[in-house]
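Everything below concerns the one structure shown next.
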Amino acid sequence: MRFAYQGLAILFIGALLLASGCGAKSGPSAAMDDAAAVDKTWPPKGQVPELALTPADKLVVVRTAEKLATDNPYAKFWQDAPYLDVPVLKQNVASPQLAEASVASVRVQAVTDGDNVAWRLSWDDPTPDGVVDSGQFSDGVAIEFPIDLGAIPMMGHRGAKVQILYWKAQWQKDLDVGFQDVQDLHPNYWADLYWFAEGEFPYPIPQAFEDPRSLQWFIAHEAGNPMAVFSRTQPVEELVAEGFGTLTHQPESASRGKGVWTDGRWAVVITRPLKTSDPLDHQFAADGPEQVAFAVWQGSDENVGGRKHWTNWIPFTVQP
Amino acid sequence: MFYLARICNHCDNPACLAACPRKAIYKRDEDGIVLVDESRCRGYQECVRACPYKKVFYNVINRASQKCIGCYPRVEEGKVALCVESCIGKIRLHGFLTTQDEPREDNPFDYIVKIRKAALPLYPQYGTGPNVYYIPPLHVPDGFLEQMFGPGVEQAKETYRNLKNDKKIARRVPAVRLDGIHHRPL
């Protein structure tokens, strides 16, 4: 009796193979042909201009008459903003900690046109890391401002909030070459079927997932997790924190940014209006004492979350 | 060779829960099921790193981590987990222990796990208090099984071999048949 069942199984599988043999080309080879047409080189190749930068001994947000570019860390006006090299420390106050620092300092410049302020952060990084997979992490940089006076620079503390503007290389890569899906990380990956998704492999996200039923297994996306955004428009996120573990995404964000990696160095620009009506935004003041702190993540060194490089508060002034 | 099916152990002291710097993992009071808060996770992967059983997975599309949910919607309706129901050999049992310290003879799970110790936790030396218990396979050498389940393997095997003569188990676990433990009809 057993052998009869086996015989039946072989017949059935044989029939399936025959049926799928004819017809349109399908399978990984078809996907590869289409993929070759789109340039997925990252970081994008291209010449960046040499910028003649000058050092300073204090941090000043320089006033410029030009309209600020929100997406060009190599714009000419950066030559008018003297830089401060801020040493960064390995975070070893709260777990999870960073065991060894791999970044020594971050170069900071800032410019304002009276309406917006643009921050340019650059640091040495031999590898541009925009892929996040199991055990692999993204490069990143963040700027922190106090919302409440006296907030400590370590993510604020209970009763004293801080605002954080966070740029992540993974999001930059999403914007530069398209949403990073499984097949971008693992080129030989293949999926037969996603229920209710349109078309066939590689089921591009989000286009193949118009039917709401097709999204049901993207659980973080369905739960409204801000990390699971398929159509990101900016590589920068605004967050608020009030101590370790309280980091909270801000749904309304006026921050814009762009990061460019070239020759072993990241340069990231993050811009924001000087004043906003959001009570969870830091408001820049030309007359008051101002403080800023920074954090840098080196993806290839497994930096993520609390495993980061950070700085204490750095005083700065805004030129009127 | 033998097949060891593993699911999340929904531990008493989950390493994943302790590792998350955002407290995005929690253990439910009502049934002890350990869950990732899918709206709160930022994909740091500390939980993935910490779980000694490697049962939390980072989802590349969601950019957040996810894990076995203990089929909690089914458990809330009084059903068993889908992996338990789907088992073709019907070798999985799913239910509640009374407490860890005061097992009751009239709870079949307490009886098998705590009182008779016929089913053993996997790698208890990790210290997380896993809540999935295995009746060790008879055909596998004790030495190999002991590094997974600890020194109770020999006694557990003896209990299992002796089932057809074991009047106490037949009384305490009503669905036991002479050829092995069988799950109760739903």
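The values are calculated or read from the model by the stated rules, or taken from the named source; none is laboratory data. On a predicted model such as this, the values are computed, not experimentally measured, just so you know. Cβ: placed from backbone, ideal geometry, glycine included. Neighbour counts: every protein chain shown.
Quick check on the range A:235-243. Is at least one of its residues part of a strand (DSSP E or B), among the β-branched types (V, I, T), under 23 Å from A:G305 (Cα atoms) and away from chain B (no Cβ under 12 Å)? Before you say what the answer is, go through the steps one by one.
Applying the first criterion (part of a strand (DSSP E or B)) to the range A:235-243 yields A:236-241.
Restricting the remaining residues to those that are among the β-branched types (V, I, T) gives A:236, A:240.
Among the residues that remain, those that are also under 23 Å from A:G305 (Cα atoms) are: A:236, A:240.
Going one step further and asking which of them are away from chain B (no Cβ under 12 Å), we end up with A:236, A:240.
The answer is yes, given that some residue of the range A:235-243 is part of a strand (DSSP E or B), among the β-branched types (V, I, T), under 23 Å from A:G305 (Cα atoms) and away from chain B (no Cβ under 12 Å).
Quick one: in the range A:311-320, which of the residues that are over 26 Å from A:Q97 (Cβ atoms) and assigned to a strand (DSSP E or B) is farthest from the other protein chains (Cβ to nearest Cβ)?
Initially, the range A:311-320 is screened for residues over 26 Å from A:Q97 (Cβ atoms), giving A:315-320.
Subsequent filtering for residues that are assigned to a strand (DSSP E or B) retains A:315-318.
Values: A:P315: 29, A:F316: 28, A:T317: 33, A:V318: 31 Å.
Filtering the range A:311-320 for residues that are over 26 Å from A:Q97 (Cβ atoms) and assigned to a strand (DSSP E or B), the one farthest from the other protein chains (Cβ to nearest Cβ) comes out as A:T317.
Taken residue by residue, the range A:224-237 has at least one member that is under 13 Å from the mean Cα position of the chain (by Cα) and within 15 Å of A:Q163 (Cα to Cα).
Looking at the structure I just gave you, is A:V108 more than 15 Å from the chain's Cα centre (by Cα) and either within 12 Å of another protein chain (Cβ to nearest Cβ) or surrounded by 23 or more Cβ atoms within 10 Å (Cβ to Cβ) (or both)? It is true that A:V108 is more than 15 Å from the chain's Cα centre (by Cα) and either within 12 Å of another protein chain (Cβ to nearest Cβ) or surrounded by 23 or more Cβ atoms within 10 Å (Cβ to Cβ) (or both).
Tell me, which residue of the range A:207-234 that is assigned to a helix (DSSP H, G or I) and more than 7 Å from chain B (Cβ to nearest Cβ) is nearest to A:T271 (Cα to Cα)? By that ranking, first place goes to A:E222. If you take the residues of the range A:176-212 that are surrounded by 19 or more Cβ atoms within 10 Å (Cβ to Cβ) and out of contact with any Phe, Trp or Tyr (no Cβ under 7 Å at 6 or more places or on another chain), which of them is nearest to A:I147 (Cα to Cα)? Among those residues, the one meeting the criterion is A:Q180.
Looking only at the range B:25-48, residues that are facing chain A (nearest Cβ under 9 Å) and under 18 Å from A:F244 (Cβ atoms) come to 8 in all.
For the range B:61-76, state whether one or more residues are β-branched (V, I, T) and under 26 Å from A:F244 (Cα atoms).
Step one: filter the range B:61-76 for residues β-branched (V, I, T), giving B:61, B:69, B:75.
This time we only want the ones that are under 26 Å from A:F244 (Cα atoms), so: none.
No, the conditions are met nowhere in the range B:61-76.
Checked against (1) within 30 Å of A:W313 (Cβ to Cβ); (2) more than 12 Å from chain B (Cβ to nearest Cβ), A:N188 passes all but a single condition, namely (1).
Listed by position, the helices (runs of 4 or more DSSP H) contained in the range B:46-128 that have at least 3 residues being under 15 Å from the mean Cα position of the chain (by Cα) and surrounded by fewer than 20 Cβ atoms within 10 Å (Cβ to Cβ) are B:82-86. Would you confirm whether any residue within the range B:63-76 is in contact with a Lys or Arg (Cβ under 9 Å, 6 or more places away or on another chain), within 23 Å of A:D181 (Cβ to Cβ) and at the interface with chain A (Cβ under 9 Å from one of its Cβ atoms)? Checking the range B:63-76: at least one residue is in contact with a Lys or Arg (Cβ under 9 Å, 6 or more places away or on another chain), within 23 Å of A:D181 (Cβ to Cβ) and at the interface with chain A (Cβ under 9 Å from one of its Cβ atoms).
In the condition set (1) under 27 Å from A:Y189 (Cβ atoms); (2) of a type in the set (F, W, Y); (3) away from every other protein chain (no Cβ under 14 Å), B:F57 is compliant with all but (3).
Quick one: would you say A:W42 is part of a strand (DSSP E or B) and either in contact with a helix residue (DSSP H, G or I) (Cβ under 9 Å, 6 or more places away or on another chain) or modelled with pLDDT of 95 or more (or both)? Talk me through it step by step, then tell me what you get.
Details: part of a strand (DSSP E or B): no; either in contact with a helix residue (DSSP H, G or I) (Cβ under 9 Å, 6 or more places away or on another chain) or modelled with pLDDT of 95 or more (or both): yes.
Judged against the criteria, A:W42 is not a match.
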